[in-house]
Amino acid sequence: MAGAAAAAAAVASGISIRTVAAPKISRAPRSRSVVRAAVSLGEKAYTVQKSEEIFNAAKELMPGGVNSPVRAFKSVGGQPIVFDSVKGSHMWDVDGNEYIDYVGSWGPAIIGHADDEVNAALIETLKKGTSFGAPCALENVLAQMVISAVPSIEMVRFVNSGTEACMGALRLVRAFTGREKILKFEGCYHGHADSFLVKAGSGVATLGLPDSPGVPKGATVGTLTAPYNDAEAVKKLFEDNKGEIAAVFLEPVVGNAGFIPPQPAFLNALREVTKQDGALLVFDEVMTGFRLAYGGAQEYFGITPDVTTLGKIIGGGLPVGAYGGRKDIMEMVAPAGPMYQAGTLSGNPLAMTAGIHTLKRLMEPGTYEYLDKVTGELVQGILDAGAKTGHEMCGGHIRGMFGFFFAGGPVHNFDDAKKSNTAKFGRFHRGMLEEGVYLAPSQFEAGFTSLAHTTLDIEKTVEAAEKVLRRI
């Protein structure tokens with residue numbers, strides 16, 4: 001069965017290895033079997049026939065047909081899109097449909113997809129090898145760039161994903177403090193390690209799973225939770241667990257319950273209560289790192305944590321993660337100290353190269369002002385379209401990160417976010433696909449812009465949003 005499915009997937013996708021300047025894909029003929037997945041838009045027919053064929057085959061090969069749950073479109077319905085190529089701010093699927101992209105590979109593509117300079121550098125590095133399993137000079141270069149940029153980081157350890165970064169940080173804070181309990185916030189996602197899968201938002205919320213089967217009680221017994229933006233709840237937990245909490249983990253701007261920024265005094269309150277109790281403050285900047293500012297959310301808000309986790313942007317589109325912090329804390333990590341953590345592909349030359357050249361671009365003057373401009377125009381345009389068409393909506397942005405909810409708002413935490421009309425978001429998402437706009441397939445995910453997004457991209461997106469909002 002699996003062999004037949006693999007053959008069907010290969011035939012349906014027309015897989016080949018090629019280099020293209022601009023994707024040109026023949027549109028597949030419309031078939032009766034997928035007529036429900038085609039929509040007539042004037043003279044243009046939007047069809048996802050090939051996506052449907054490939055995805056159906058994938059379901060026999062991989063759980064749910066995907067390698068990460070949110071890609072399966074469970075919360076928005078409809079046919080998941082199978083992509084063929086990306087460039088700049090645009091994506092092309094296997095049926096030849098073109099989309100303006102606001103997912104950006106879930107955050108890494110801040111300078112645009114398949115950037116020519118990054119690709120050229122990768123090709124040169126590739127000639128030397130893909131992985132050494134030993135030190136390479138490029139690790140030093142990217143490490144120095146990260147340390148120079150991020151206020152809290154005096155020493156850094158590279159890993160291969162955001163999840164791995166948070167796993168390492170979790171073990172580190174426990175080793176350094178000698179305490180076991182941690183405090184996290186409802187709706188914040190820090191990867192799929194057992195201790196973090198408690199009220200974790202994101203894909204867990206999308207699938208309606210409050211936790212995950214297979215996580216033993218012992219793994220989460222030391223995980224305390226509080227509502228995001230509720231400083232008093234945090235203080236109460238510290239009072240009730242005095243001297244027992246190793247660290248507070250949080251996304252300084254929530255991206256995994258939708259876009260939720262911190263209230264003005266919230267981050268300051270966390271910094272104070274952790275200092276008073278001898279606990280550590282950990283910023284999960286896998287999303288916000290190098291996106292809200294070159295020094296991340298901690299530079300933007302002026303709050304310096306003790307430990308920071310990173311990912312996405314620092315790999316320039318290749319698998320990467322990192323955790324770093326004060327030197328006295330990081331020297332606990334092996335081989336400098338007793339806390340063990342290792343990785344076969346950590347610091348590999350390809351990821352380091354892509355990260356170096358991406359960060360170089362972000363250092364250019366005007367970068368974050370441009371991101372703020374285009375993202376602000378996008379969000380305001382969508383909210384204005386919602387008001388014109390009679391939909392209750394709220395939303396916001398910081399630099400290149402944004403989100404909106406089908407709710408009156410304000411949204412300050414995950415409970416507020418869950419009041420959003422997710423069924424309406426699903427209809428909106430499907431309508432935007434038909435209009436050539438790719439948004440995250442969940443109400444509970446932030447969106448991302450890039451330096452490649454143009455004013456024309458924004459105008460087209462806002463026009464599409466108004467059109468869809470009028471018909472849903």
Can we say VAL198 is modelled with pLDDT of 95 or more and hydrophobic (A, V, I, L, M, F, W, C)? no
Going through the stretch 126-151 in order, the residues found to be assigned to a helix (DSSP H, G or I) and either open to solvent by less than 60 Å² (accessible area, probe 1.4 Å) or small (Gly, Ala, Ser) (or both) are ALA137, LEU138, GLU139, LEU142, ALA143, MET145, VAL146, ILE147, SER148, ALA149
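Given the criteria of a type in the set (Asp, Glu), in contact with a Lys or Arg (Cβ under 6 Å, 6 or more places away or on another chain) and open to solvent by less than 60 Å² (accessible area, probe 1.4 Å), does ASP95 qualify?
On the way: of a type in the set (Asp, Glu): yes; in contact with a Lys or Arg (Cβ under 6 Å, 6 or more places away or on another chain): yes; open to solvent by less than 60 Å² (accessible area, probe 1.4 Å): yes.
The answer is yes for ASP95.
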Which numbered condition trips up ILE303, out of (1) open to solvent by 40 Å² or more (accessible area, probe 1.4 Å); (2) free of Cβ contacts under 8 Å to residues at least 60 places away in the same chain; (3) of a type outside the set (D, E, K, R)? (1)
Just give me the residues in the stretch 381-409 being touching a Cys at 6+ places or on another chain (Cβ under 9 Å) and surrounded by fewer than 20 Cβ atoms within 10 Å (Cβ to Cβ), in sequence order. LEU383, GLY408, GLY409
Of SER51, SER85, the only residue that is small (Gly, Ala, Ser), surrounded by 19 or more Cβ atoms within 10 Å (Cβ to Cβ) and in contact (Cβ under 8 Å) with a residue 40 or more places away in the chain is SER51
If PRO410 satisfies every condition in (1) outside any helix (DSSP H, G or I); (2) touching a residue at least 40 places away in the same chain (Cβ under 8 Å) but one, which is the exception? (2)
So how many residues does the stretch 379-408 have that are polar (S, T, N, Q) and either touching an Asp or Glu at 6+ places or on another chain (Cβ under 7 Å) or assigned by the TED database to the domain that holds GLY289 (or both)? 1
Looking only at the stretch 98-117, count every residue that is out of contact with any Pro (no Cβ under 9 Å at 6 or more places or on another chain) and surrounded by fewer than 19 Cβ atoms within 10 Å (Cβ to Cβ) and tell me the total. 4
Answer with yes or no whether GLY436 is more than 30 Å from ASP230 (Cβ to Cβ), open to solvent by less than 40 Å² (accessible area, probe 1.4 Å) and outside the structural domain of ASN229 (by the TED database). yes
Starting from the stretch 360-378, take each residue that is within 21 Å of TYR438 (Cα to Cα) and list its partners that are in a helix (DSSP H, G or I) and aliphatic (A, V, I, L, M), counting only C-beta distances under 9 angstrom and pairs at least six apart or across chains. VAL374/ILE458; THR375/ILE458; GLU377/ILE458; GLU377/VAL462; LEU378/ILE458; LEU378/VAL462
Which members of the stretch 152-200 meet the condition of being open to solvent by less than 10 Å² (accessible area, probe 1.4 Å), among the hydrophobic types (A, V, I, L, M, F, W, C) and not in a helix (DSSP H, G or I)? ILE153, VAL159, ILE182, LEU183, PHE185, CYS188, ALA200
Taking the criterion of being within 21 Å of PRO108 (Cβ to Cβ) and within 17 Å of the chain's Cα centre (by Cα), would at least one residue in the stretch 428-439 satisfy it? yes
Would it be correct to say that GLY218 is modelled with pLDDT under 90, within 23 Å of PHE404 (Cα to Cα) and outside any loop (DSSP other than H, G, I, E, B)? no
Could you list, ordered by first residue, the pairs with Cβ atoms under 7 Å in which the first is in the stretch 58-71 and closer than 20 Å to GLY447 by Cα and in the same structural domain as LEU439 (by the TED database) and the second is of a type outside the set (Phe, Trp, Tyr) and outside any helix (DSSP H, G or I), at least 6 apart or interchain? PRO69/LEU207; VAL70/PRO441; VAL70/SER442; VAL70/GLU445; ARG71/PRO80
Filtered residue count, the stretch 417-472, keeping only those that are of a type in the set (Asp, Glu) and closer than 19 Å to GLY258 by Cβ: 1
Is it true that ASN67 is out of contact with any Gly (no Cβ under 6 Å at 6 or more places or on another chain), open to solvent by 20 Å² or more (accessible area, probe 1.4 Å) and assigned to a loop (DSSP other than H, G, I, E, B)? yes
From THR274, THR308, which residue is in contact with a strand residue (DSSP E or B) (Cβ under 9 Å, 6 or more places away or on another chain), buried (at least 24 other Cβ atoms within 10 Å of the Cβ), at pLDDT 95 or above and not assigned by the TED database to the domain that holds GLY400? THR308
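The values are calculated or read from the model by the stated rules, or taken from the named source; none is laboratory data. In this text the structure is predicted, and so the values were computed from the model without any measurement. Cβ coordinates were reconstructed from backbone atoms using ideal geometry, including for glycine residues, and neighbour counts include every protein chain displayed. To get the accessible areas, we keep the full protein, side chains included, count just its heavy atoms, and leave off ligands, DNA and RNA. Shrake-Rupley method; radii C 1.70, N 1.55, O 1.52, S 1.80 Å.
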